[in-house]
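Single-structure report; data block below.
Any read-out appearing in this document is the output of simple, stated calculations on the displayed coordinates, not a laboratory observation. Being a predicted model, the structure only gives us computed values, none of them experimental. Because the Cβ atoms are built from the backbone with ideal geometry, glycine has one as well, and the counts that use them run over all protein chains shown.
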Protein chains: 2
Amino acid sequence: MTEKPTDTADFGTTRRGFLRASVAGSALAVTGGAGMAQTPDPLITTVQPWAQSFGDGVDATPYGLPIRFETDVVRRNVPWLTADVTSSINFTPIHALDGTITPQGCGFERHHSGAIELSKDDYRLMINGLVDTPLVFTYADLERFPRESRVHFLECAANTGMEWAGAQLNGSQFTHGMIHNMEYTGIPLRLLLEEAGVQPEGKWILVEGADASSNGRSIPMEKALDDCLVAFKANGEALRKEHGYPVRLVVPGWEGNMWVKWLRRIEVGDQPWETREETSKYTDTMADGSARKWTWVMDAKSVVTSPSPQMPIKHGTGPLVITGLAWSGRGSITRVDVTVDGGKTWHEARLAPQASDKALHRFYFDHVWDGSEMLLQSRATDSTGYVQPTKAALRAIRGLNSVYHNNCIQTWWVKSNGEAENVEIS
Amino acid sequence: MTEKPTDTADFGTTRRGFLRASVAGSALAVTGGAGMAQTPDPLITTVQPWAQSFGDGVDATPYGLPIRFETDVVRRNVPWLTADVTSSINFTPIHALDGTITPQGCGFERHHSGAIELSKDDYRLMINGLVDTPLVFTYADLERFPRESRVHFLECAANTGMEWAGAQLNGSQFTHGMIHNMEYTGIPLRLLLEEAGVQPEGKWILVEGADASSNGRSIPMEKALDDCLVAFKANGEALRKEHGYPVRLVVPGWEGNMWVKWLRRIEVGDQPWETREETSKYTDTMADGSARKWTWVMDAKSVVTSPSPQMPIKHGTGPLVITGLAWSGRGSITRVDVTVDGGKTWHEARLAPQASDKALHRFYFDHVWDGSEMLLQSRATDSTGYVQPTKAALRAIRGLNSVYHNNCIQTWWVKSNGEAENVEIS
């Protein structure tokens, strides 16, 4: 059974008395009417200190940071997951965010040998291999090429990877936070390749970074000439150091490991390089021990970010905003369904506007919670018609040996006290 | 004469040898081919220090800031413009940004009595006046209402106001930087008004903030019920202190002064309040001394952000990216034209994708500069068909006494040495 989404355009009129009717004492009538008798609230009956003095001047924060009350909305790593912080992962606090844009300051980052400091003056990008003219670009050269700006998500292939073995990490930040979504500005990679002149036998490129890991990856020429960007800005401003300043590769819809940071070199070749990062890592080990290679695309996926283990319901029964993110490496999200009963009944959620393909979409489902337990899930459908699979369906095909490319439907068990846990249901 | 825009999809093939053909020594061939003989570049011929050691670990910056090389890309105020920094303006560094999203940390802010610190626990929003049931909402109450996420620009009515008297401040940050563009998440104001129950004679609302200035403004009910948001997030995360944490009003397309920060109270009335902020301020003084009132909408406007006085051309002749921003408070931008000869010849620019109405649009025009002087302008057309006027056309109607609502075509005089100045042309 599926319901059509409730448009907020109709919400007010159909649910007049939204909070008053359903949540005693939550929205408080202050005088007469339908309101409840109550103790006067000094926050509204007396003039508060912040209304009697000056606040900060405009020169207090030339570059602003979050207010001190929000210090827990930060990237976090999982210390036991990797041996060292220079080859580790910082998860986006998606549980606490809304909308779709991820600020650079709290956006997922992963390094293989630490975030290096590389100035624009010291930056060079080489294109060599099967090209008519090997080229080296300075940063200033790159600024002269035609550029584009598009919003795209970057998702690590290992995002949600712990779920292959069963419900583990307790919180959407840790199960699904190896992702960010920014407005990237850069040069179509195609233009730089055409500048060098790709020879007819040039079918692949190798991309590598200027850091010690170099993180080399092979990309088929068709993708390189399609929608990749050699990017220098994210969300309007220069890339942050940890996001690859001054230049990174953007490979829309494909696994984050290919979005090489501190991009140093692009070699054109006639076959893939079979680097460490595409053989011993970033391949999918199947049930029989064989490895699926070249699984670059991040398939359609979604997750409820709130309520969730890090975002329990604190307000009791009644109106409850259920919200989350959905994305597809193959295009746009056309529909998200939400269930509160483990998949017996699905409800179509509302989607916020999004101009770019291969970008995060925000969904909302406005629910009236009766206080009973919920098995909360979301299910994305993308513009190719593909529907996000259950964990069981994914395991039936891929087994339990994988680390990467787990796009299963996620389940949160929301208890009557509002707390939520990461669980599996059959 | 008008050219169609050059789609980057054709750019590479039609301009093969883009930099090599036109800019000697800029993109350097490294071996043979069409390249030039040159001194080996140690940055590409030797292994650099950053490729031989570890960079920062992922726990180095739980909340990241810009790299130290970008410390000049910050908000700036103009000390002589206001008496004190608690009632002043911080301009967005639009000259140095690209794309459309403005990070909160460098996004335009203006206070009337300083940025106050107001916690979620201390936050209350009252709705009173001509309503069935006066209500007070806590922050937790607001989180239970249906919400929307949309990208919108906020422009101060005084943006570009100095230009009424002639070309003055030298730099797009100062002429056009009283603007930002964020993805705002919040509750449709309509839903909160419907919750209280607007009485038939309720035709206006007064909105005021919790700071000492309170900054009261009247808004007609039609707009209040249309697209306004009671917002708590911007670009995904909580509003920064200086942007009104925890709650501000979003009034899409209308002057920024109405986007009340630290939103405290909404009163419903049968006529406007004629507050200080809509009588002695934020009205438009005409040539005869009379005042235009209720000029809320920000009309279609654009500006070239680079090259510009703060962004001189440093690379000599040849390929040059001309880029800027365009926006309209009445809808979307359908077209931007660029001229390099003071309006004799116009060229249609490319626009980056944008899902929301009343949001910034990024435009690009790829030019080949011959090194001669340019009179650089951009001209926006919006979805109503309205075309951004010249300064002369605007003055003919509005005179020279105004401070607010100057949406004239801006001119940068780019000299042969690449430097640019703010000028007027007749």
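Quick one: order B:TRP254, A:TRP273 by neighbouring beta-carbon count within 10 Å, fewest to most.
Numbers: B:TRP254 24, A:TRP273 18.
Listed from fewest to most nearby Cβ atoms, that is A:TRP273, B:TRP254.
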query: Taking N as the number of residues in segment B:287-426, what value does Rg over Cα atoms divided by 2.2 N^0.38 Å take?
result: 1.09
- prompt: Residue of A with Cβ nearest the axis relating A to B, plus distance in whole Å?
  reply: A:ALA355, 2
query: Which FRET efficiency, nearest 0.05, do B:THR71 and B:ASP270 yield, Cβ-Cβ r, R0 56 Å?
result: 0.60
field: Relative contact order for segment A:199-336, counting Cα pairs under 8 Å that sit 6 or more residues apart, in percent
entry: 23
- prompt: Can you list residues whose amide H is under 5 Å from B:VAL198's amide H, if they're 5+ apart or on another chain and H is modeled 1.01 Å from N?
  reply: B:ASP132
field: Under Karplus coefficients 6.51, -1.76 and 1.60, residue-wise ³J(HN,Hα) of segment B:133-144 in Hz, glycine/proline x
entry: 9, x, 9, 10, 9, 7, 4, 4, 4, 4, 5, 9
query: Can you give the relative contact order of segment A:57-165 as a percent, counting alpha carbon pairs under 8 Å and 6+ residues apart?
result: 16
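If you rank A:MET221, B:MET126, B:MET178 by fewest surrounding Cβ atoms within 10 Å, what's the result? Walk me through the intermediate numbers first.
Details: A:MET221 18, B:MET126 21, B:MET178 24.
Ascending Cβ contact count within 10 Å gives the list A:MET221, B:MET126, B:MET178.
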message: I'd like the Kirkwood hydrodynamic radius of segment B:41-152, using the inverse of the mean 1/r over distinct C-alpha pairs, in Å.
response: 19.7
message: Please report Rg (one decimal) and Dmax (integer) in Å for the Cα set of segment A:81-227.
response: 18.0, 53
- prompt: By count of other Cβ within 10 Å, fewest leading, how are A:HIS180, A:HIS315 ordered?
  reply: A:HIS315, A:HIS180
task: Loop only per DSSP, at most 15 neighbouring Cβ atoms within 10 Å: give me the GluC sites (Glu not before Pro) in segment B:258-305, ordered by residue number.
output: B:GLU274
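Work out the count of Lys pairs in segment A:177-287 where the Cα-Cα distance is under 19 Å, with the pair 8 or more places apart or on different chains.
Working: A:LYS203/A:LYS223; A:LYS223/A:LYS261; A:LYS233/A:LYS241; A:LYS233/A:LYS261; A:LYS241/A:LYS261; A:LYS261/A:LYS281.
The number of close lysine pairs in segment A:177-287 is 6.
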- request: Between B:GLY197, B:GLY331, B:GLY57, find the one with the highest GNM mean-square fluctuation for chain B; connect C-alpha pairs within less than 10 Å.
  value: B:GLY57
Per-residue mean of C-beta atoms belonging to partner chains within 10 Å, peptide A:116-122: 5
query: Dipole size in debye (nearest 20) for segment A:126-229 around its Cα centre, Lys and Arg Cβ +1, Asp and Glu Cβ -1?
result: 140
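Compute the convex hull volume of the Cα atoms of segment A:329-400, divide it by the residue count, and report the result per residue in Å³ as a whole number. Let's see the in-between values first.
Values: hull volume 8.1 nm³, N = 72.
Measuring per residue, one finds 113 Å³ for the Cα hull of segment A:329-400.
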field: Dipole magnitude of the protein assembly as shown about its Cα centre (Cβ charges: Lys, Arg +1; Asp, Glu -1), debye to nearest 20
entry: 240
query: Rounded, prolate or oblate: which one fits segment A:145-250, using the alpha carbon gyration tensor with axes a ≥ b ≥ c (rounded when a/c is under 1.5, else prolate when a/b beats b/c, else oblate)?
result: prolate
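Which whole-number percent of Cα pairs in segment A:52-108 have a distance greater than 14 Å?
Working: 1067 of 1596 pairs.
Roughly 67 percent, once rounded to a whole number.
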field: Label point 7 Å beyond Cα of B:GLU424 along Cβ direction - residues of segment B:277-313 with amide nitrogen under 18 Å
entry: B:285-289
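Given the convex hull over the Cα atoms of chain A, what projected area results after averaging over all orientations, in nm²? Let's see the in-between values first.
Values: hull surface 99.3 nm².
Orientation-averaged projected area of the Cα hull: 24.8 nm².
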field: Helical mean residue ellipticity (222 nm; -39500 (n - 2.57) per DSSP H run of 4+; nearest 500) of chain B
entry: -2500 deg cm²/dmol
query: Within 10 Å of each Cβ of B:44-54, how many other protein chain Cβ atoms are there on average?
result: 6
statement: Per-residue average of other protein chain Cβ atoms inside 10 Å, peptide A:258-265 -> 1
field: Relative contact order [Cα under 8 Å, 6+ residues apart], chain B, whole percent
entry: 17
task: Classify the protein assembly as shown as rounded, prolate or oblate, taking a ≥ b ≥ c as the square roots of the eigenvalues of its Cα gyration tensor: rounded when a/c is under 1.5, otherwise prolate if a/b is larger than b/c and oblate if not.
output: oblate
- request: Apply 1/(1 + (r/R0)^6) to the Cβ-Cβ distance of A:LEU81 and A:TRP294, taking R0 = 30 Å, and write down the FRET efficiency to the nearest 0.05.
  value: 0.75
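Under unit Cβ charges (Lys, Arg +1; Asp, Glu -1), what dipole magnitude, rounded to 20 debye, does chain B have relative to its Cα centre? Display every interim value, and only then the final one.
On the way: 41 positive and 51 negative charges, 107 e Å.
It works out to roughly 520 debye.
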